[in-house]
Amino acid sequence: MRKKIIIANWKMNHDFYETTSFIRNLLKFIFERKIYHKKKIIISPSFPFLHISNQIIQGTTLNIAAQNIHYMDNGSYTGEVSASMLKSIGIQKIILGHSERKKYFIETNDILFKKIQKGLQYNFDIIFCIGETLIERETKKHFLIIKKQLEETIFKFSLKYIHHFIIAYEPIWAIGTGNTAYPEEIKKMHEYIRFLFKKKYGENISNNISILYGGSINDINAKNIFSINNVDGGLIGNASLKIEKFLTIIQS
Ligand code: 13P
């Protein structure tokens, strides 16, 4: 049985106080409601607050993830953060391949391949985002695009690494727009992604890999989305910034 996974991607939001008080309140709630056995909850704050966030969650079931790494170990890359730096403060999970990184920072599949390589070298668990644009969907290229995104990145790695991955299917047109994909669209794509993993790595891996949906999940639609076949949880942006909304999503 795959455990449900709920990930809060805070993107470039929340300052020091907002970050620490949110995480403390969330821990209180998890403890009071005893929801720690049922779900895996991962929070992804901004780089400056990863260290303190990771200290706060020590000894609890909450997890922290970084939103990016560079593919080099160190060097003259102003403004960048390396895998070894994150490891040195105890971070074990990273998000890679988010469509906003692709859009604003021109992260190609080739760059993502190198980032995955570096992430695996440092033994990170990787939440890997894939998704198509609206034009790609409208021209019925969405399945092809998803296949290509996987073939040029994760599928270049051997079976022994696959337990490090969580897949997040985020149709780009659904991110931050208030328009989630229709349940039937989500179902078909998640089925397809699982099928691709089966073809590449076999039934066992395919049954065990977690495939999350992301794109305008909120406190109202979460329950519906999480009940779709092959949806193992969600990667949540906007609605994860308000604790009341995020708590409702966790309980969905
Ligand atoms: P929204 O939930 O704000 O649409 O963002 C989704 C997302 O990009 C999560 O990574």
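Only the coordinates and a few stated rules stand behind these numbers; no lab work does. Predicted, not measured: the structure shown is a model, and the values here were computed from it.
Write down the radius of gyration of the chain and its Dmax, each obtained from C-alpha positions, in Å.
17.2, 49
In region 1-84, if every C-alpha pair distance is counted and binned at 5 Å from zero, what percent goes to each bin?
3, 13, 23, 22, 17, 12, 7, 3, 1, 0
Where is the GNM fluctuation largest for the chain (alpha-carbon springs, 10 angstrom cutoff): Ile52, Ile64, Ile126?
Highest fluctuation of the listed residues: Ile52.
Considering every pair of different Cα atoms, what Kirkwood radius, in Å, is found for region 37-111? Intermediate results must be reported in sequence, preceding the final value.
Numbers: mean 1/r = 0.0738 Å⁻¹.
Result for region 37-111, one decimal place: 13.6 Å.
Using helices alone, what [θ] at 222 nm do you get for the chain, with -39,500 (n - 2.57) per DSSP H run of 4 or more residues, divided over all residues and rounded to the nearest 500? Numbers along the way, then the final one.
Numbers: 11 runs with 105 residues, N = 252.
It lands at -12000 deg cm²/dmol.
What shape does region 114-236 take by its C-alpha gyration tensor, where a ≥ b ≥ c are the square roots of the eigenvalues and a/c under 1.5 counts as rounded, a/b above b/c as prolate, and the rest as oblate?
On the way: a/c = 1.63, a/b = 1.51, b/c = 1.08.
It is prolate, given that a/c is not under 1.5 and a/b is the larger ratio.
If the elastic network links every pair of Cα atoms under 10 Å, which of Leu50, Leu62, Leu159 fluctuates the most in the Gaussian network model of the chain?
Result for the chain, Cα springs under 10 Å: Leu159 fluctuates most.
Among Gly90, Gly214, Gly233, whose mean-square fluctuation peaks in a Gaussian network model of the chain (Cα, cutoff 10 Å)?
Gly90
Could you work out the relative contact order of the chain, using alpha carbon pairs under 8 angstrom and six or more residues apart, expressed as a whole percent?
Details: 432 pairs, mean separation 47.6, N = 252.
Computed over the chain, the figure is 19 percent.
Between Thr248 and Thr139, what length comes free when the chain is fully extended (0.36 nm per residue of separation minus the Cα-Cα distance, one decimal in nm)? List each step's numbers first, then the result.
Working: separation 109, 0.36 × 109 = 39.24 nm, distance 3.58 nm.
So the extension gain works out to 35.7 nm.
Please compute, for the alpha-carbon atoms of region 175-227, the extent along each of the three principal axes and give them in descending order in Å.
Taking max minus min along each principal axis of the Cα atoms, region 175-227 gives 35, 17, 15 Å.
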